[in-house]
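Comments concern the structure below.
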Amino acid sequence: MYTQQHRELSSSSSPARSRAYLGEDWLRQERIPRLPPGMSTSSYTHKTSEYTYRVPTPPRIVVPPPALNADAVPQITLNALRSANFLNSVNYNNLVTTNALLEWTYERRRDAQMILPYLYLGPMTAAKDEAFLIGEKEVPGQISPGKFTLVLGIRQKHSFESKLMTGALKKARDLGIDSNTVDVANNQDLIHSFPFTSAMINNHLARVWEETGQLGRVLLFCESGNERSAGVVAAYLMETHVDVDFIKAMQLVQAQRFCVNFDDAMKRLLQGYWDILKARREVAAANAMPSPGPDANTVKIKRGHDYDDDDKMGGVDDDEERFGGRSFAPFSDQPF
C-alpha cells in the first residue's frame, strides 16, 4: 500500500526520481511479468544437469570416415620415413582395395587383415591358424601374405603368470616363426610400450631384409584383435610415417579391419603419443639446422644491447615536458 509520500513522488515531474525512490515496489510491479491466475513459479522449472565438482569432461575425439575415390574405396596415402632399407621396397599403391563398411562380414572378425604390406592385425585365433601362418590359407578380400616371420602378441598383464597366449606362441615356434609378447597392465603401460614394439618390428624386418633380401611379415594380435593390438598398430603407423597423425592412423586401421574398437581412452592415448612424436621431430629438426657462426652471434648481441639502451632512454624528454612546469603534484616522496 502506497503512503502519501509515495503518491507525491509518483505524481512528480521526474519519473526516474520516483522510480529510484520506490525501489523494490516499482520493480515488483513494472519489471516482473505477472503470472496467470492459478499458475505458480514452479510451473516454469526446467530440467538441468546435476551439479558436480568433478573435473570437466574433455570434448570427444571424432574420427571422420576417410574420403572415397571414384570406386567408393577409401583413399588413404602414406609417406614412410625412409629410415630403414626394407622400407624402400614397400609399395603403398592401392593399399586399401575394399570398402569395409559395405563389404564387411561378421566372420571376418576371426581372420587377420593387412594394414601394411608387411604388417597384419588380427585376433588370437588367427595366430593359432597354421595354414594362415605359413601362407596357405586364402583370406576373403586379400591375397595370401606368404609365410609370416614374426608373431607378436599384446597380452594383459596379471599378478600371476598368464598362459592365455601360450598355444599361439608354441604354434609359431613349431613352424620356425619368431614369436614374442608384450605384457601391459593399463593404458600407461600401453603408451610406454609403443616405442618398444615399433623398434621390435623394425629391427626384425631389417634383420630379415639383410639375411634374405626379402620383406618380412609381422602378425600383431591380442585376444580380440580389436583393442590393444589395434592401438599398437596405430602408434606404429604414426611413428614410421611422415604424414600420419592419430586421426589418419585410426582411419587406416579401421578401413582395413572394420571391427576395431577405438574408445575414448584409446583415442586420447594416441593423441597424447602423437603430441610426443611431433615434439621429438621438432627438436630433431631444430638440432639438425646449422648453427650460426661466431660473427653472427656477436652482431646479434651488439644489436640487442643497442635496442635495449634505446628503450631505456626513450620517453625521458616527454616526461620532462609534461610534468616539469607543473606546480601541483599528486603526492610527494616521504623522506627517509
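The values are calculated or read from the model by the stated rules, or taken from the named source; none is laboratory data. The structure displayed is predicted, hence computed values, not measured ones. In this analysis, Cβ positions are derived from the backbone assuming ideal geometry, glycine residues included, and neighbour counts consider all displayed protein chains.
Of note:
- Across the range 231-287, the number of residues qualifying as among the basic types (Lys, Arg) and touching a residue at least 60 places away in the same chain (Cβ under 8 Å) comes to 4.
- Taken residue by residue, the range 129-146 has at least one member that is surrounded by 12 or more Cβ atoms within 10 Å (Cβ to Cβ), in contact (Cβ under 8 Å) with a residue 12 or more places away in the chain, in a loop (DSSP other than H, G, I, E, B) and of a type in the set (A, V, I, L, M).
- For the residues 152, 101, 78, the requirement of being at pLDDT below 90 and outside any loop (DSSP other than H, G, I, E, B) singles out 101.
- Once the range 121-149 is narrowed to residues that are of a type in the set (S, T, N, Q) and under 19 Å from residue 109 (Cβ atoms), the residue that is modelled with the lowest pLDDT is 142.
- Among the residues making up the range 220-246, those that are farther than 17 Å from residue 87 by Cα and either in a strand (DSSP E or B) or of a type outside the set (Gly, Ala, Ser) (or both) are 220, 221, 222, 223, 226, 227, 228, 232, 245, 246.
- Residues in the range 80-99 include none that are within 21 Å of residue 228 (Cα to Cα), of a type in the set (A, V, I, L, M, F, W, C) and surrounded by 14 or more Cβ atoms within 10 Å (Cβ to Cβ).
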